[in-house]
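Remarks on the structure that follows.
Throughout, read-outs are computed from the coordinates displayed, never taken from laboratory work. From a predicted model like this one, the values you see are computed outputs, not experimental measurements. Please note: Cβ atoms are built from the backbone with ideal geometry, for glycine as well, and neighbour counts cover all protein chains shown.
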Amino acid sequence: MTERLSARRLLSLLTDDFAELPPPGRQTAPDGPLAWPGYGASRARAAGRTGESESVVCGTGRIEGTPAVLIAFEFGFLGGSLGQATGDRLEAAYAHARAHRLPVVPLVATGGSRMQEGMLALTQLQRVARQSALTRAAGLAQLAVARDPTTGGGWATLGAGADVTLALPGAQIGFAGSRVRPPDADPAAYTAEAQLAAGSVDAVVAPEELRATLGHWLRLLTRPSGAPAPVPAPLGATDAPGSGREAVRRARAPERPRARAYLDAYFTDRREISGDRCGGADPDGMLCGFGTREDAHGTRTVAYAAQTGTATRPAGFRTAARLIRLADRLGIPVLTLVDTPGAANDAAAERQGVGPAVAELFGAVAAAGTPVTTLLIGEGGSGGALALAAPGRTWATPDSYFSVIGPEAATAILKRPPERADETAGLLRLRPQDLAELGVIRTSEQVFPGTGDRRS
């Protein structure tokens, strides 16, 4: 279990210049709005133990050079619970962030809403959700850290509702706190590690790495750019395939460069997001995140969603859609790398909603206002590949193919004998040069030497 630090101690470790925002001036009745017996005395004891007058400390500071609004929960003050005065502070912090165009960093450690204030405490979650929505609409990033514990409404708003959510190792994280779970509940399901596996947090970060990690993320998420991401240079073959069969063989070759090789060559550094926030993750099939790119436009951030050559799971499509929507809100250009034989089509994928997941990604790409650049680097199998491709801004490497469906499946659908699959591959006109002639992709000397420049 990670050591539980006080709010101010944590802020001092993460920033060099933290300045607290003036707390709003709400006057709280001695025993609160419900006249709960002994509530005033409990608050006084909490203040004496912690030196705080409420369960959150809000202010501004620089993390590794990037200014931000920070919201640090003090768990020692009534379990970091949310009451009316907490809501006042949170609302003021978010309003300050929007007024000064600053990202928001909630450092969450809470047991949930404050019982002694009843429904008036619970409704603070609506205030928080509203402030988060306004901040999202303003194009400002929200980067949360889930500490121990992060439960109840604090997890369901400030934590899980952030654009990127990090967690400390071993932290208790879950909507249900330890005192209200079923008696037979598996405690391992309520941990940072379990939430990462379920796609609800993006990374588990060691305390000693938290400052550098937050600083890196803040730099990535606060560099908008209107220029499209450049097309990556091909890392494999440079000559055109002679036949459809040859195009398919090249794209399926084990030695062909895959997504990680392209990302390593393209970025100087990068950070991954993980999970669809719907209970799933596809870390082996879809790589998503943000990276630093040095190009003619200077040092800037490019978001990426890259298939790895396997069948893409529903969670992978949803994670890519999440990535593209986030990049769009923050004004960050997107690079997508297409490489999949198609969407996963097993029974589990159908139960997980593969059709709606593909539809969601199609919609995210279609609606994006930020420029999306696509490079086909391997197999382009049917709608599961096309969903990640930008209309009018897709290029292809010489060791790739794009097809309405794989040639073997097309052969079966057309009721041809299996031995005619190679012939079918030729008829499908799936080679990169065929796709360029059909106007499906764009070509350039950089990606496909000898083709000149063509635009769809």
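Worth a mention:
- Normalised contact order of segment 7-221, rounded percent, pairs of Cα under 8 Å and 6 or more residues apart: 17 percent
- A straight chain from Thr28 to Ala138 at 0.36 nm per residue would run longer than the Cα-Cα distance by 36.4 nm.
- With a cut-off of 19 Å on the backbone N, the residues of segment 198-214 near the modelled label site 7 Å out from Ser12 along Cα-Cβ are 207-212.
- Helical contribution to [θ] at 222 nm, DSSP H n ≥ 4, -39,500 (n - 2.57), averaged over the chain, rounded to 500: -9500 deg cm²/dmol
- Shape analysis of segment 7-221 based on the Cα gyration tensor places the equivalent ellipsoid semi-axes at 25, 22, 16 Å, largest first.
- Virtual spin-label span in nm between Glu52 and Arg101, 7 Å along Cα→Cβ: 3.1 nm
- For the pair segment 292-348 / segment 139-207, the C-alpha centres are spaced 24 Å from each other.
- Taking the Cα centre of the chain as origin and assigning +1 to Lys and Arg Cβ atoms and -1 to Asp and Glu Cβ atoms, the resulting dipole is close to 860 debye.
- Kirkwood radius and radius of gyration were both taken over the C-alpha atoms of segment 79-120, and their ratio Rg/Rh is 1.05.
- Protection proxy ranking of 362-374, 25-37 - average other beta-carbon atoms within 10 Å, highest first: 362-374, 25-37
- Over segment 267-312 - Rg/Rh using Cα atoms and the Kirkwood inverse-distance radius: 1.08
- Averaging the sequence gap over all C-alpha pairs within less than 8 Å and six or more residues apart, then dividing by the number of residues, gives the chain a relative contact order of 11 percent.
- If you wrap segment 69-143 in the convex hull of its Cα atoms and look at it from every side, the mean projected area works out to 4.4 nm².
- Arranged from fewest to most other beta-carbon atoms within 10 Å of their beta carbon, Ile413, Ile63 become Ile413, Ile63.
- Helix 39-50 vs. the chain, principal-axis angle (Cα, 0 to 90°, nearest 10): 70 degrees
- The overall shape of segment 325-383, judged from the alpha-carbon gyration tensor, is oblate: a/c is not under 1.5, and a/b is no greater than b/c.
- Folded to 0 to 90 degrees: helix 124-137 orientation relative to the chain principal axis, Cα: 40 degrees
- Multiplying the residue separation of Ala35 and Ala19 by 0.36 nm and removing their Cα-Cα distance gives an extension gain of 2.4 nm.
- Based on Cα contacts under 8 Å between residues 6+ apart, segment 243-358 shows a relative contact order of 23 percent.
- Applying a DSSP loop filter and a limit of 15 other Cβ atoms within 10 Å to the GluC sites (Glu not before Pro) in segment 219-295 leaves Glu255.
- Taken over segment 244-438, the alpha-carbon convex hull comes to 121 cubic angstrom per residue.
- Kirkwood-type radius of segment 21-113, with distances r between different C-alpha atoms, in Å: 13.9 Å
- Across the options His216, Ala85, Thr336, the greatest Cα extent toward the positive end of the charge dipole of the chain (unit charges at beta carbon of Lys, Arg, Asp, Glu) belongs to Ala85.
- Debye, to nearest 20: dipole size of segment 244-438, +1 on Lys, Arg Cβ, -1 on Asp, Glu Cβ: 280 debye
- With Cα atoms, 0 to 90° folded angle of helix 314-330 axis to the chain main axis: 70 degrees
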